[in-house]
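The values are calculated or read from the model by the stated rules, or taken from the named source; none is laboratory data. Being a predicted model, the structure only gives us computed values, none of them experimental. A quick note on method: Cβ atoms are made from the backbone with ideal geometry, for glycine too, and the neighbour counts reach across all protein chains shown. Remember, those area values only see protein heavy atoms, side chains included, never the ligands or the DNA or RNA. Shrake-Rupley method; radii C 1.70, N 1.55, O 1.52, S 1.80 Å.
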Amino acid sequence: MFGRRITLFRLFGFAVRADASWLIVVALVTWSLATGVFPRLHPGLTPRTYWLMGGIGALIFFLSIVLHEMSHALVARRFGIPMRGITLFVFGGVAEMDDEPPSPKAELLMALAGPAMSVVIGVVCLGGAALGAMQNLRGEAVAILQYLGFTNLILAVFNMLPAFPLDGGRVLRALIWWRTQNIRKATRVSSQVGSGFGILLILLGLFSLFTGSLVQGLWWFLIGMFVRGAAANSYQQIVVRETLAGMPVSRFMTATPVTVSRSLSVRELIEDYIYRYHFRMYPVVDDGRLVGCVSTREVHALPREEWDRQTVGAIAQQCQTDNSIAPHADALQALTRMSRSKVSRLMVVEGDRLLGIITIKDLVRFLSLKMELEEG
């Protein structure tokens, strides 16, 4: 979902990160405020003042998005749901959960926490703007507070639309889940509603484009594409979780993995293994024991003239926990670990014994066959 991210700060123990795409929307919001919103709300100021107001307004607006997502994260932590942090990106922000909510109640409270925070921020800002106007506060500050107040209220209303994965869609899912006691059915229905809402936004965006509202039309179109894609992805995730949960890694692993010995030359590793099997990492085995791992990273760091003189044992590294897993571990855990580590295969290890290899391809093939048979 995200590309390169940087950590901005930590709040209540959660890391707040920004995706590279966030810089685009910061620039767009600042430009919109400096050239349109604030000159209309408070005319007669210099361009420099408007750009300063735009920058301040944009930064505080995104801080309010952080507080919105932080509310989700705090409630999630209250219910024991592991959280990876909060990420700001082109469409706002998201609190990244490692698991589904444990109950409809948890889902409902988590969903409502964000819009509630936005309403509180909106009311406080509008109240501050009204009080500031009565106390003859500088017009620039009043204009910023008015913008933040109305924007947060609009954000709360928009998020409460019953279109998954928006907060209102999560409320809908919680209610269906409570009624049916079936999270998969609840996710399917709410995702279908979310997908339909995404299509409406896409059509609205196309209509706006054809009627001359270029920026607004493009924005609605992109948001619609995101909502539609996120809705479909949410249902796929719940299907994957239900299918793989409780199944051991040993069921999917290949019990005869490709391994290399320590005595193998680096040249032989490249010619006979890397160029033949196209894997980036190989287990190093000695007398049936796993003694290390060698990857294309170590080979790349070695000068070419050393390829014939150096052995695999000389450049092999100790295997890490992010590229191995126990045979009795949950297959869903294996998929999550591969996704986080951005690798396509894990070694299945018990003690110092290599039992096999599990790959994303193994899991995807099983999921495809299972869904094909069940749908038939």
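Out of everything in segment 329-351 that is exposed (fewer than 12 other Cβ atoms within 10 Å of the Cβ) and not small (G, A, S), what residue ends up being nearest to D99 (Cα to Cα)? The residue in question is R340.
Yes/no per residue for (1) over 20 Å from the mean Cα position of the chain (by Cα); (2) touching a residue at least 60 places away in the same chain (Cβ under 8 Å):
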site: G168; (1), (2): no, no
site: S195; (1), (2): no, no
site: L214; (1), (2): yes, no
site: W219; (1), (2): yes, no
site: R228; (1), (2): no, no
site: N233; (1), (2): no, no
site: V240; (1), (2): no, yes
site: R262; (1), (2): yes, no
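The criterion of at least 2 residues that are within 20 Å of L264 (Cβ to Cβ) and without any contact (Cβ under 8 Å) to a residue 24 or more places away in the chain is met, among helices (runs of 4 or more DSSP H) falling completely within segment 278-376, by 296-301. If only residues of segment 26-55 that are buried (at least 18 other Cβ atoms within 10 Å of the Cβ) and touching a residue at least 40 places away in the same chain (Cβ under 8 Å) are counted, the one that is nearest to R4 (Cα to Cα) is L33.
Only a single item in (1) in contact (Cβ under 8 Å) with a residue 40 or more places away in the chain; (2) closer than 30 Å to V240 by Cβ is not met by I81, and it is number (1). Scanning segment 264-293 for residues that are over 19 Å from I358 (Cβ atoms) and touching a helix residue (DSSP H, G or I) at 6+ places or on another chain (Cβ under 7 Å) yields L264, V266, L269, I270, I274. The helices (runs of 4 or more DSSP H) found wholly in segment 133-244 and carrying at least 2 residues that are small (G, A, S) and open to solvent by 10 Å² or more (accessible area, probe 1.4 Å) occupy 139-159, 183-210, 214-244.
Being open to solvent by less than 10 Å² (accessible area, probe 1.4 Å), of a type in the set (V, I, T) and within 26 Å of R4 (Cα to Cα) holds for only one residue in I86, I60, and it is I86.
Looking only at segment 352-364, which residues are loosely packed, with under 13 Cβ neighbours inside 10 Å and within 20 Å of R280 (Cβ to Cβ)? Within segment 352-364, K361, V364 qualify. Flag not set for R280, criterion: under 30 Å from D98 (Cα atoms), open to solvent by less than 70 Å² (accessible area, probe 1.4 Å) and within 27 Å of the chain's Cα centre (by Cα).
Scanning segment 258-273 for residues that are closer than 17 Å to M347 by Cα and aliphatic (A, V, I, L, M), we see that the one that is least open to solvent (accessible area, probe 1.4 Å) is V260. Taken residue by residue, segment 7-23 has no member that is open to solvent by 60 Å² or more (accessible area, probe 1.4 Å), touching a helix residue (DSSP H, G or I) at 6+ places or on another chain (Cβ under 6 Å) and either farther than 19 Å from A95 by Cβ or modelled with pLDDT of 85 or more (or both). Looking across segment 107-132, the residues that are closer than 28 Å to P43 by Cα, open to solvent by less than 20 Å² (accessible area, probe 1.4 Å) and in contact with a Ser or Thr (Cβ under 9 Å, 6 or more places away or on another chain) come down to S118, G122, C125. Taken over segment 264-277, the criterion of being under 23 Å from S324 (Cα atoms) and not in a helix (DSSP H, G or I) is satisfied by L264 alone. Quick one: is P102 part of a loop (DSSP other than H, G, I, E, B) and either open to solvent by 20 Å² or more (accessible area, probe 1.4 Å) or free of Cβ contacts under 8 Å to residues at least 12 places away in the same chain (or both)? So P102 passes the test.
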